[in-house]
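Here's the structure, in structure tokens; my notes come after.
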Amino acid sequence: MFRDRGCDNCETYIKMRGHPDTVTDCTSSTFDGCVALFKPDASWVAKFSHINSFVPGVYAAHVTGRIPEYIEDKLAQRGFTYHPRDGSAED
């Protein structure tokens, strides 16, 4: 479903829908822990994880790997602050 529909959170910024190569570039199957969000805007865990504006769902807590630099650049150009989930950035 994700490969077909893309990401509800990032479609505005990255345009994954209909672009399976971009989906592959921006996802990882290697992760540790999960965060389940029912009301992201009311969750301190979501705020701490920088996902409090995301749609309800299940998210990886720590991901192995990062998105490509060209995607990071595209996000920055559109005013979005990328928070890596690989432990390389300090919160």
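Coordinate-derived values only; no laboratory data. For clarity, every value in this text was computed on a predicted model and none was experimentally measured. With ideal geometry, Cβ positions are generated from the backbone for all residues, glycine too; neighbour counts draw on all protein chains shown.
Data overview
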{"read-out": "For the chain, convex hull of alpha carbons as volume per residue, Å³", "value": "102"}
{"read-out": "Cα→Cβ-extended label distance, 7 Å offset, between residue 11 and residue 77, nm", "value": "2.2"}
{"read-out": "Part-to-part distance (alpha-carbon centres) for the stretch 5-30 and the stretch 67-88, which is given in Å", "value": "13"}
{"read-out": "Cut-off 15 Å between beta-carbons: net charge of the residues surrounding residue 40, Lys and Arg +1, Asp and Glu -1", "value": "0"}
{"read-out": "Proxy reagent accessibility, fewest Cβ within 10 Å first, across 3, 66, 85", "value": "3, 66, 85"}
{"read-out": "Residue order, fewest to most beta carbons within 10 Å, for 13, 59", "value": "13, 59"}
{"read-out": "Value of relative contact order over the chain, rounded to a whole percent, pairs C-alpha under 8 Å and six or more apart", "value": "25"}
{"read-out": "Sequence-distant residues sharing a close amide H with residue 31 (under 5 Å, placed H)", "value": "64"}
{"read-out": "Karplus-derived 3J(HN,Hα), 6.51/-1.76/1.60, for each residue of the stretch 47-64, Hz, glycine and proline x", "value": "5, 4, 8, 6, 10, 6, 9, 7, 6, x, x, 10, 10, 6, 7, 9, 10, 8"}
{"read-out": "Electrostatic dipole magnitude of the chain [Cβ: Lys, Arg +1; Asp, Glu -1; Cα centre; debye, to 20]", "value": "300"}
{"read-out": "Over the chain: helical MRE at 222 nm, DSSP H runs n ≥ 4 each giving -39500 (n - 2.57), nearest 500", "value": "-6500 deg cm²/dmol"}
